[in-house]
1. Return the residues of the range 72-96 that are surrounded by 12 or more Cβ atoms within 10 Å (Cβ to Cβ) and aromatic (Phe, Trp, Tyr); say none if nothing qualifies.
2. What number of residues within the range 69-96 are of a type in the set (A, V, I, L, M) and outside any helix (DSSP H, G or I)?
3. Going through the range 106-126 one residue at a time, which ones are surrounded by fewer than 12 Cβ atoms within 10 Å (Cβ to Cβ), modelled with pLDDT of 75 or more and either closer than 17 Å to Val77 by Cα or over 16 Å from the mean Cα position of the chain (by Cα) (or both)?
4. Which residues, taken from the range 69-85, are in contact with a Leu (Cβ under 9 Å, 6 or more places away or on another chain) and not aliphatic (A, V, I, L, M)?
5. For the condition in a helix (DSSP H, G or I) and either modelled with pLDDT of 80 or more or of a type in the set (S, T, N, Q) (or both), what is the one hit in Glu66, Glu59?
6. Show the residue pairs that are 6+ apart or on different chains and have beta-carbon atoms under 9 Å apart, the first residue being within the range 35-58 and closer than 15 Å to Ser117 by Cα, the second being in a helix (DSSP H, G or I) and of a type in the set (Asp, Glu).
7. Based on this model, can you work out whether Phe99 counts as assigned to a loop (DSSP other than H, G, I, E, B) and either surrounded by 16 or more Cβ atoms within 10 Å (Cβ to Cβ) or hydrophobic (A, V, I, L, M, F, W, C) (or both)?
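The values are calculated or read from the model by the stated rules, or taken from the named source; none is laboratory data. From a predicted model like this one, the values you see are computed outputs, not experimental measurements. Cβ sites come from the backbone with ideal geometry, for glycine too, and all protein chains shown count toward neighbours.
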Amino acid sequence: MNDINAAQREQVAANARGEAEKILVVKKAEAEAESKALQGQGIANQRKAIIEGLQVSIEQFQKVVEGASPKEVMQLVMVTQYFDTLKSIGENDKTNTLFLAHSPGAVKEVSEQILQSMLVAERASG
């Protein structure tokens, strides 16, 4: 009789442990999902701020340099950021070698790709 009672208590305890583990797994998944959603919102807000900053830069540049098109200004900004990125990579102690296509045409192509991706991101978030 004692064995039967012990087995029943063990079964109840096992069910309770299983439910507790299930709750932990569900809560962990919910926390991860909320974390990912917040990360997505943060990235979207960051991209929005970048786009707004670029818009202000374009408008200011066009006031100073009459006749400059937004595309020309964006290409100038992208090229500047490209060189800033190269400088930052070069200053990193862990960078040993970096292979890049580094002709004027390649730089223009990189700036056009960055500009295109920003326009797509703006349309997606708008």
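1. Scanning the range 72-96 gives a single hit, Tyr82.
2. At the first step, the residues of the range 69-96 found to be of a type in the set (A, V, I, L, M) are 73-74, 76-79, 86, 89.
Subset that is outside any helix (DSSP H, G or I): none.
Qualifying residue count for the region: 0.
3. Restricting attention to the range 106-126, the residues satisfying the condition of being surrounded by fewer than 12 Cβ atoms within 10 Å (Cβ to Cβ) are 113, 116-117, 120, 123-124, 126.
The next check asks that each one be modelled with pLDDT of 75 or more; those that pass are 113, 116-117, 120, 123-124.
Correct list: Gln113, Gln116, Ser117, Arg123.
4. Start the filter on the range 69-85 by keeping residues that are in contact with a Leu (Cβ under 9 Å, 6 or more places away or on another chain), which leaves 71, 73-75, 77-78.
If the condition is that a residue be in contact with a Leu (Cβ under 9 Å, 6 or more places away or on another chain) and not aliphatic (A, V, I, L, M), then Lys71, Gln75 are the ones that fit.
5. Numbers: Glu66 fails: in a helix (DSSP H, G or I).
Among Glu66, Glu59, only Glu59 is in a helix (DSSP H, G or I) and either modelled with pLDDT of 80 or more or of a type in the set (S, T, N, Q) (or both).
6. Between residues of the range 35-58 that are closer than 15 Å to Ser117 by Cα and residues that are in a helix (DSSP H, G or I) and of a type in the set (Asp, Glu), the close pairs are Arg47/Glu122; Lys48/Glu122; Ile51/Glu122.
7. On the way: assigned to a loop (DSSP other than H, G, I, E, B): yes; either surrounded by 16 or more Cβ atoms within 10 Å (Cβ to Cβ) or hydrophobic (A, V, I, L, M, F, W, C) (or both): yes.
Yes; evaluated as a whole, the condition is true for this residue.
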